[in-house]
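What follows is a single structure, written as structure tokens, with notes after it.
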Amino acid sequence: MPKLSFRKNKTKEVIDRYPASLAPLFALDYETGDTDYTALAVELVDYVTEVIDVALDMDFLELPESEPAGWAPIHALQVLRELAPIEAAEPLTGLFNEEGDWIGEDLPAVYSAIGPQAIPVLRDYLFTASHNPRARIIASNCLVAIGQAHRDVRNQIVQMLVDFLDRPEADESADEEEITTFVIADLGELGDRTAYEAIRRAFDEDRVAPAIVSLEDIEREFRMRSPLKPEDAIKLRREPGVHLTLQCTACGREREHIFDNVYYDARLASDRKKSEKYSPLIIPEIVVCPKCGAVDQYELGPNGQMKITADLLARTFAGPDVAPDDRIRFMEFSDRWGSTHPLEALERYEREIARRPNDPELYVGYGNVLKFLGKQNEARDQFQQAIELDSGDIDAWTGLAQIAGVQGNLTEAIDAWREVQSLATAKDDRPLAAEASEFIAELQRGVVPPFAPALSTHRQFAANESSAQPDRFAPRNLMPEKRDQPKIGRNDPCPCGSGRKYKHCHGRPGS
């Protein structure tokens, strides 16, 4: 009972700030769509200032949902939409910073009713960089609503938004880019092609977040392209690969990248302590921000996270109409020390090499992790160091051969594979010698043999993946295999990630 009494006292305290004539606003409960706001506006026409105050009074929203008065600000906006008072234009900008769908939905309608007289207020708000991005975007939305409702000022608003695209600070930050992007979307809603050149210029100068809106989207809004049918949307993949939106941690921009494969350490995602240090997303190649040039400084942005989540759901609820992307692989990674993250493995190898600088196997293991992460030049240095310490290390020569082939140094690759072939023959490792011979023949024809991005050495698989091997670094699939997947060809790379052909690895009889 004391809590109930407190709630009633709080409600009374908020309501008592206003004249009794506003009582109808406090008794409407949740908006149902059948409220006669026109009649209510007639009742409150002499209380415009007070209705504005109610719309701005966030104390109402702190009341329990069971209290009808808690919905008063939303009803006040509907009344202001009917009254359309110019004196509301300035104070209502105070709501631009508030959260809630009703802000973005109701405020444009109110400003549309107020009309062209509100344009100067909204323009100043939009162009003032000190306001937060979301609030400025709402100001742009309100300008568009006025332009749509008042055709006589549409050209004025279009030109105003076009001028905004070319403001001096347009390329200063990720926040400014986000605002530019939403203003471009607003121009698309106005449908005036005179804005097209300015919009295209913004795209050409990379001042737009393409994950939010594309130039093709705008061209469809301007009827410069045929409308996109829902059933055709899935066919729009422009290039093969994993299309993933990443946010650069250096400049804050989100950009789409295309990768052959990406890995997601699902177990790390549930380890809060480790996930704060390492990203569960692992991309086996160097990632360069196309905006600022930062190297390997990225995190999953909201759009990228949705892509991963959607793929995980597709794997969980796979069916004829839902297909996961097999190039996104949910894995657990391990090396000689057990389950680990690749970046954690790098740190561990660096420490171990500092302790035992003459151990070639450590350099091979370090090189394998670097190679998996796409750092080919750094990996090559580690393999060369291992060979200086032990010229007969087959794994180091194999790593060098693979890297040389991937980098297009075919002569170097052939020489390295010949060394592998010679060493394998001396050790009576016939499968590896035969495989090296095949690779040499392919390279002599100008064909670079494909290697899986997760490269483990032949030795670890020959030892049944014993965790005692110091150069072991291999991903393990965490998702169940689907029986309807395509059959692996005998000459295809083994899916285990060894870098060897399937027929010489897990495709051998008894494997």
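Pairs meeting the criteria (first residue in segment 131-154 and more than 10 Å from Asp186 (Cα to Cα) and part of a loop (DSSP other than H, G, I, E, B), second residue modelled with pLDDT of 95 or more and not hydrophobic (A, V, I, L, M, F, W, C), beta carbons under 6 Å, at least 6 apart or on different chains) are His150/Gly115; His150/Pro116. The numbered conditions (1) free of Cβ contacts under 8 Å to residues at least 24 places away in the same chain; (2) over 19 Å from Leu122 (Cα atoms) are all true for Asp206 except (1). Collect the residues in segment 39-51 that are buried (at least 20 other Cβ atoms within 10 Å of the Cβ) and either within 19 Å of Lys12 (Cα to Cα) or free of Cβ contacts under 8 Å to residues at least 24 places away in the same chain (or both), keeping them in residue-number order. Of everything in segment 39-51, just one residue is buried (at least 20 other Cβ atoms within 10 Å of the Cβ) and either within 19 Å of Lys12 (Cα to Cα) or free of Cβ contacts under 8 Å to residues at least 24 places away in the same chain (or both), namely Val51. When the criteria are applied in full, Glu31 meets the requirement of being at pLDDT below 90 and either outside the structural domain of Gly100 (by TED's automatic domain parsing) or under 17 Å from Leu107 (Cα atoms) (or both). What number of residues in segment 187-212 are within 23 Å of the chain's Cα centre (by Cα) and of a type outside the set (Gly, Ala, Ser)? The qualifying residues number 8.
Let's see how each residue does on (1) outside any helix (DSSP H, G or I); (2) in contact (Cβ under 8 Å) with a residue 24 or more places away in the chain; (3) under 24 Å from Glu332 (Cβ atoms); (4) of a type outside the set (Phe, Trp, Tyr):
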| site | (1), (2), (3), (4) |
| --- | --- |
| Arg351 | no, no, yes, yes |
| Asn368 | no, yes, yes, yes |
| Ile387 | no, yes, no, yes |
| Asp415 | no, no, no, yes |
| Glu419 | no, no, no, yes |
| Leu432 | no, yes, no, yes |
| Phe439 | no, yes, no, no |
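Could you tell me whether segment 358-375 includes any residue that is more than 22 Å from Tyr263 (Cβ to Cβ) and within 37 Å of the chain's Cα centre (by Cα)? Yes: one or more hits.
Of the residues Tyr111, Tyr47, Tyr30, Tyr18, the single one that is closer than 28 Å to Gln148 by Cα and hydroxyl-bearing (Ser, Thr, Tyr) is Tyr111.
The rows are residues; the columns are (1) in the same structural domain as Arg136 (by TED's automatic domain parsing); (2) assigned to a helix (DSSP H, G or I); (3) not basic (Lys, Arg).
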{"residue": "Arg17", "(1), (2), (3)": "yes, no, no"}
{"residue": "Val51", "(1), (2), (3)": "yes, yes, yes"}
{"residue": "Ser66", "(1), (2), (3)": "yes, no, yes"}
{"residue": "Arg81", "(1), (2), (3)": "yes, yes, no"}
{"residue": "Trp102", "(1), (2), (3)": "yes, yes, yes"}
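Only residues that are polar (S, T, N, Q), within 23 Å of Gly365 (Cβ to Cβ) and not in a helix (DSSP H, G or I) were counted across segment 393-413, and they come to 1. Here is a check on your reading of the model: is Asp29 part of a helix (DSSP H, G or I) and surrounded by 15 or more Cβ atoms within 10 Å (Cβ to Cβ)? So Asp29 fails the test.
Has segment 63-70 got at least one residue that is crowded, with 21+ Cβ neighbours inside 10 Å and without any contact (Cβ under 8 Å) to a residue 40 or more places away in the chain? No: zero hits. Cβ separations smaller than 7 Å between residues 6+ apart or across chains give the following pairs from segment 251-262 residues that are within 17 Å of Ile308 (Cβ to Cβ) and free of Cβ contacts under 8 Å to residues at least 60 places away in the same chain to residues that are part of a loop (DSSP other than H, G, I, E, B) and of a type in the set (D, E, K, R): Arg255/Lys291; Ile258/Glu239. Checked against the criterion of being surrounded by 22 or more Cβ atoms within 10 Å (Cβ to Cβ) and closer than 21 Å to Glu350 by Cβ, segment 426-440 has no qualifying residue. Could you look through segment 334-349, keep only residues that are of a type outside the set (D, E, K, R) and assigned to a loop (DSSP other than H, G, I, E, B), and pick out the one that is nearest to Val406 (Cα to Cα)? My answer is His341.
Filtered by the rule that a residue be part of a helix (DSSP H, G or I) and within 13 Å of Leu126 (Cβ to Cβ), segment 155-177 gives Ile157, Met160, Leu161, Val162, Asp163, Phe164, Leu165, Glu169, Ala170, Glu176.
So is Gln156 farther than 21 Å from Leu95 by Cβ and more than 28 Å from the chain's Cα centre (by Cα) or not? Yes, satisfied.
The values are calculated or read from the model by the stated rules, or taken from the named source; none is laboratory data. All values reported here derive from a predicted model rather than from experimental measurement. Because the Cβ atoms are built from the backbone with ideal geometry, glycine has one as well, and the counts that use them run over all protein chains shown.
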